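Everything below concerns the one structure shown next.
Rule-based calculations on the coordinates, nothing more; no lab input. Small disclaimer: the values here were computed from a predicted structure and weren't measured. Note that we place each Cβ from the backbone using ideal geometry, even for glycine, and neighbour counts take in every protein chain shown.
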């Protein structure tokens, strides 16, 4: 019923080469091979290794050929059908009107052979897992582009979207944002780009520890001298920064965000080119997030909040890393600015401080006992340091809090390590949740969560004045239903 | 209901079935039995020297207190707090006992309505109505209604959601 007149297509045979080289199918055999290797043993040295390599490659080739042979896809007039499976056949049908986005990516090997991988996102609501995604791996670039344009062009155009004002089929392209290489200088201050090089360093240290002592040159004597430590830091810090910059460049190089008809198209990546397309009609707002280090240099990132988008954190990224001003401008294009935020009452500051100081005070108290009984003088010292550090943290957390509602949109902000401001259209709200603990009740505060069918599912105004809750919820949702909350 | 400050929002109008108290007491008894078994096992099997006697007494006190709260206090507090209401435009609930949660979902954004009956609920002739939206956090659960009321509410909500549904996201 679905693919009347549409022949199932195959991916390019060249993909067999890619999958053989990356052991894509053979990777599943690893759990089987390890016990086999353990039984057979690697005792015979070189010969065994060569045999193993040949066998694995052969298996990989066979797996790649089989899965290429058994894989088919068809983009019919109403649905996309993907058939696959070596023994058990699986047929997945996704109606065209459930397709939320199409992503075309080209990892290095694919690029070498002129192939791309097409990810068709068909998420429904918030149940998102990888199951929601169809992957057509290894079609020629032209076929990938054809698939993308066809799938996105045939979505129902008459969707009721009062806030979308785009012309229906205008192929005009408008560039919203473009990468500047100097933005890479922000990378060393962004947590996510520092994690990878830090993890690499950690692995290196573990490796060195596992090596037999004789192999490791005795650079560090029994007592590491302060000079050596300082020298190490002087070398390591710039190296870490450099690694973060390189990492950011690999992911974000050539980033470009354009609006093409009813879609936002984001392209980025140095080795793997990633091409993400989001439907403007489904965008309900965006988040502006600034990490601790990013706030220092006034950098920020922007994510779009799109209904029914799987893996929203990766896909929704509109500005991966850039100056705050650029981020604010871009967010303003997604959703109307609701105006300045209202801060939260002083009682919220007390709560933030109590929480920030509690850990430090606890350590201090336990440490005093440890110091008197066990003589561990450093424990109370650490506790005092923690307590002192808690003060700016509590104040920072409090200053991040805010909420505001404009004529067509509203906004909530919170967070300290990563401060996140969510700006949403009023029509995005599918429910309100008001929470009040015993302590909040005594302090006259409440936490209000706007339930949204996009992004993380809910965005909270933490510890706002209880008296302001009915007014804010009424001002921030479309229609009159939120009036139910008014006392 | 609250002595300290007025609630941030108004409370829904209707209370649950009184059988809910029986259900919560039963749940409390089951929970307390579990702790009694655990504490007894510790007292019997851990040798005298392994655990100082103040700790033993603390364990016993914990088990007694836990039973008193979950059987004697919590069901009644919960019954007084829990409320629900279906208005012309929305479904509205209040749940919790220490931390209170008010949830409001407009009927136009309802995606599915489920009625579930757990084993204990069946014993007391109760059922839960779950109203789901596009948001993972925007789920309203009306716990422990009489089974026939729950079914009527669910049918009514599903029918009205069909009539006024807009994009639902």
(Q) Checking the a/c ratio against 1.5 first, then a/b against b/c, what shape does the Cα gyration tensor give for region A:398-487? (A) oblate
**Q.** Kirkwood Rh and Cα Rg combined as Rg over Rh, evaluated for region A:170-334
**A.** 1.13
Q: Please average, across the residues of A:251-261, the number of beta carbons from any other chain that are within 10 Å of each residue's own beta carbon, and give a whole number.
A: 0
(Q) Let me see the P(r) profile for region A:252-382: every Cα-Cα distance counted, bins of 5 Å, each bin given as a percent of all pairs. (A) 2, 9, 13, 14, 13, 10, 8, 6, 8, 7, 5, 3, 1, 0, 0
(Q) Let's test the formula: R0 of 60 Å, r as the Cβ-Cβ distance of residue A:180 and residue B:13. What FRET efficiency results, to the nearest 0.05? (A) 0.55
**Q.** For the protein assembly as shown, calculated [θ]222 nm from helices alone, where every DSSP H run of n ≥ 4 adds -39500 (n - 2.57)
**A.** -13000 deg cm²/dmol
Q.
Run the numbers for residue A:361 and residue A:373: contour at 0.36 nm per residue of separation, minus the present Cα-Cα distance, in nm.
A. 2.5 nm
Q: Report the relative contact order of chain B, percent, no decimals, based on alpha-carbon pairs under 8 angstrom and at least 6 residues apart.
A: 22 percent
Q) By per-residue mean of other Cβ atoms within 10 Å, what is the highest-first order of B:118-131, B:135-148? A) B:135-148, B:118-131
**Q.** Peptide ranges B:43-53, A:315-325 listed from the most packed, as the mean C-beta count within 10 angstrom indicates
**A.** A:315-325, B:43-53
Q) Percent relative contact order of region A:170-334, based on C-alpha pairs within less than 8 angstrom and at least six residues apart? A) 25 percent
Q.
For region A:346-399, what does the relative contact order come out to in percent, with C-alpha contacts under 8 Å and a separation of six or more?
A. 46 percent
Q | Test item: A:467-480 mean partner chain Cβ contacts at 10 Å | A | 2
Q. Counting only other chains, what is the mean number of Cβ atoms within 10 angstrom of the Cβ of each residue in peptide B:87-93?
A. 4
Q) Extent of the protein assembly as shown along each principal axis, from alpha carbon coordinates, in Å, largest to smallest? A) 75, 74, 54
